[in-house]
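Student: Sharing a structure here in structure tokens format.
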Amino acid sequence: MSLKFNGVISALPTPFLNGAVDMKSFVRLVEYQLKNGINGFVVNGTTAESPTLSWSEVEALYKTVREISGTRVPIILGTGSNSTADTIETTKLAADMGADAALVVVPYYNKPPQRGLEAHFRAVADSSKLPIILYNVPGRTITAMSIETIVNLSAVKNIVAIKEASGDISFDQQLKNKLPPQFTLLSGDDPTYIDFLKLGGNGVISVMSNAITAPCAQWTEQAKSAQWEKLTADFARYRNLISLMYVEANPIPLKWMLYKMGLFASAEMRLPLVSLEATHHEKISSEMKALGLI
């Protein structure tokens, strides 16, 4: 069941214009990615500025992606929070909307112990038949799942995958060695994606794929036939650009890049996030020009 969630999956950003969701820009981005070989989408993830979205906005974004893509690629809906009851409720709503899976982040701020994390994810999975993708991102949540907790949860029938965004390749390798073969291991850390593929990872839920969809899809295909030398050389061309996507908190730099590419009408953010600091503009523009993105 989880194999359809592999490959390159974009964590979609939300374009804003004068405070409102800019659906015209959103449609352009989705169509651009489908044209360039994307394997799936996440709506209402971190990159979407999910804490600032109303549920009616989430529904509108999801319906727009579904209308454009149909059933060509899976659409995953971010439903996690630091309240188990709220996460159960939004996961049920995601199922009612027709989402293909729910992406459920580690509860943030309240710092549960490992037994609390395991109980949280089991409760969410038990409440719905929707496939669940775990999301381990300690850089944002502080609390992180242990290998033992992840392996225990992989035995739950409808917990089918993990987005592992620690960026710790040693951790990922240990995890790969202990997870059942049918469980999908997805990277959530763009800069280490090639190393992740080398250890046998199944794909990525990505920020970078929003702007460089075709190269990301190509790298993932090259890994299947172990074209490591070519893959590594090509990835190196984009390494600076990928690093620049994180000079400020995601998705601040990404949205500015999409604006420069003409996909977004504005680089507008919602508070508490703010637009890209002007001191970064020239360096990013120069790198984008060198790669033919603008």
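Just so you know, all these numbers are worked out from the coordinates, no wet-lab data involved. Since this is a predicted model, take the numbers as computed values, not measurements. Here the Cβ is made from the backbone with ideal geometry for all residues, glycine too, and neighbour counts use every protein chain on show.
Student: Near the amide H of Gly40, under 5 Å away, which other amide H atoms are found, from residues 5 or more places off or on another chain, if H is placed in the peptide plane?
Tutor: Placed amide hydrogens put Ser10 under 5 Å from Gly40.
Student: Hey, another quick one. Most fluctuating residue of Thr192, Thr87, Thr213 in a GNM of the chain with Cα springs under 10 Å: which is it?
Tutor: Between Thr192, Thr87, Thr213, it is Thr192 that shows the largest mean-square fluctuation.
Student: Something else about it: Using amide H atoms built 1.01 Å from N in the peptide plane, name the residues 5+ places from Tyr108, or on other chains, whose amide H lies under 5 Å from its own.
Tutor: Answer set, sorted by chain and number: Asn82.
Student: Can you give me the Cα centroid spacing of the stretch 228-243 and the stretch 159-192 in angstrom?
Tutor: Between the Cα centre of the stretch 228-243 and that of the stretch 159-192, the gap is 21 Å.
Student: Report the net charge of residues surrounding Gly188, where surrounding means a beta-carbon distance below 14 angstrom and charges are Lys +1, Arg +1, Asp -1, Glu -1.
Tutor: Cβ neighbours under 14 Å give a net charge of -4.
Student: For the chain, set up a GNM with springs between Cα atoms under 10 Å and report which of Ala94, Ala165, Ala249 has the largest fluctuation.
Tutor: Looking only at Ala94, Ala165, Ala249, the largest GNM fluctuation is found for Ala249.
Student: Now a separate question. Through the Karplus equation 6.51 cos²θ - 1.76 cosθ + 1.60, θ set to phi - 60°, convert the phi angles of the stretch 98-104 into ³J(HN,Hα) values in whole Hz; use x for Gly and Pro.
Tutor: Along the stretch 98-104, the couplings run x, 4, 7, 6, 10, 9, 10 Hz.
Student: Which residue fluctuates most in the GNM of the chain (Cα springs below 10 Å): Asn202, Asn39, Asn152?
Tutor: Comparing Asn202, Asn39, Asn152 in the GNM, the peak value goes to Asn152.
Student: Here is a follow-up. If R0 is 25 Å, what FRET efficiency do you get for Asp96 and Gln173 from their C-beta distance, rounded to 0.05?
Tutor: In this case the efficiency is close to 0.05.
Student: Still on this structure, I have one more. Could you sort the peptides 5-13, 112-120, 124-132 by per-residue average Cβ neighbour count (10 Å cutoff), highest mean leading?
Tutor: 5-13, 124-132, 112-120
Student: Looking at the chain only, what percent of DSSP beta bridges run antiparallel? Nearest 5 please.
Tutor: 5 percent
Student: Restricting to lysine pairs 8 or more places apart or on different chains, what number in the stretch 2-225 have Cα atoms under 14 Å apart?
Tutor: 6
Student: Is it possible to state the helix-based mean residue ellipticity at 222 nm for the chain, with each DSSP H run of 4+ residues giving -39500 (n - 2.57), the sum divided by total residues, to the nearest 500 deg cm²/dmol? What is it?
Tutor: -13500 deg cm²/dmol
Student: Label the chain by shape, choosing from rounded, prolate and oblate, from the square roots a ≥ b ≥ c of the eigenvalues of the Cα gyration tensor; if a/c is under 1.5 it is rounded, and otherwise prolate applies when a/b is larger than b/c, oblate when it is not.
Tutor: On the way: a/c = 1.55, a/b = 1.20, b/c = 1.30.
It is oblate, given that a/c is not under 1.5 and a/b is not larger than b/c.
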